[in-house]
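Structure record follows, encoded as structure tokens.
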Amino acid sequence: NTTLCYIRRGEEYLMLHRVKKRNDLNQDKWIGIGGKFQDKESPEDCLLREVEEETGLTLTDYQYRGIVTFVSDRWPTEYMHLFTASGFTGELKDCDEGVLEWLPQDQLLKIPHWEGDAIFLNLIWQDAPFFSLKVCYEGDRLCGAVLNGEKIR
């Protein structure tokens, strides 16, 4: 179980360019903010802790948007609890997992990312209700996607 959060400031999102860790599933990709659950944490507990640890920010307004089941032929299955946030306090700090940068929404699908991220980002941008998305990968290639039980790819 992991969390993934897209923090919005106006028309920009805080993105993490994963370039600092060895053997990183997300190496060289741009992703939202998040990480692995610790024992006894709820999705919200993990979200708040990971955002503070990685960015120095404290979320004051966030929304649980969906769950993404990430299936890979290279990595264990991951259940990502997806959030968006629009309120926060604090000052941005350096992150030991990569480089943090505020990017305009229209750039998010133009930078290196997981192909399936486009599916859930579009759902977020369309303000879709809570959803369940399963994305299946062979290497870095998206080979299948199921949204709310219906195959979409």
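The values are calculated or read from the model by the stated rules, or taken from the named source; none is laboratory data. Remember, it's a predicted structure, so these values are computed and weren't measured experimentally. Cβ placement follows ideal geometry from the backbone for every residue including glycine, while neighbour counts extend to all protein chains displayed. Ligands, DNA and RNA are excluded from the accessible area calculation, which covers all protein heavy atoms including side chains. Shrake-Rupley method; radii C 1.70, N 1.55, O 1.52, S 1.80 Å.
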Inside the stretch 30-44, the number of residues satisfying the requirement of being more than 14 Å from Leu4 (Cβ to Cβ) and open to solvent by 70 Å² or more (accessible area, probe 1.4 Å) is 3
Output for Cβ contacts, cut-off 8 Å, separation at least six or different chains, first residue at positive phi in the stretch 56-75, second of a type in the set (Asp, Glu) and part of a strand (DSSP E or B), reads none
By residue number, the members of the stretch 82-105 that are within 19 Å of Arg9 (Cα to Cα), at pLDDT below 95 and surrounded by 15 or more Cβ atoms within 10 Å (Cβ to Cβ) are Cys95
| query | Quick one: is Leu47 touching a strand residue (DSSP E or B) at 6+ places or on another chain (Cβ under 7 Å) and either assigned to a strand (DSSP E or B) or surrounded by fewer than 20 Cβ atoms within 10 Å (Cβ to Cβ) (or both)? | reply | no
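Could you tell me which of the residues Glu53, Glu41 is without any contact (Cβ under 8 Å) to a residue 12 or more places away in the chain and among the acidic types (Asp, Glu)?
Testing whether each residue is without any contact (Cβ under 8 Å) to a residue 12 or more places away in the chain and among the acidic types (Asp, Glu) leaves just Glu41.
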inquiry  = Being open to solvent by 90 Å² or more (accessible area, probe 1.4 Å), in contact with a helix residue (DSSP H, G or I) (Cβ under 9 Å, 6 or more places away or on another chain) and not in a strand (DSSP E or B) is the requirement here; does Arg153 meet it?
reply    = yes
Of the residues in the stretch 119-153, those that are under 19 Å from Leu109 (Cα atoms) and hydroxyl-bearing (Ser, Thr, Tyr) come to Tyr137
Scanning the stretch 106-131 residue by residue, those open to solvent by less than 50 Å² (accessible area, probe 1.4 Å) and outside any loop (DSSP other than H, G, I, E, B) turn out to be Asp117, Ala118, Ile119, Phe120, Leu121, Leu123, Ile124, Phe131
All conditions in (1) closer than 25 Å to Gly139 by Cα; (2) touching a strand residue (DSSP E or B) at 6+ places or on another chain (Cβ under 6 Å); (3) not aromatic (Phe, Trp, Tyr) are true of Glu97 except (2)
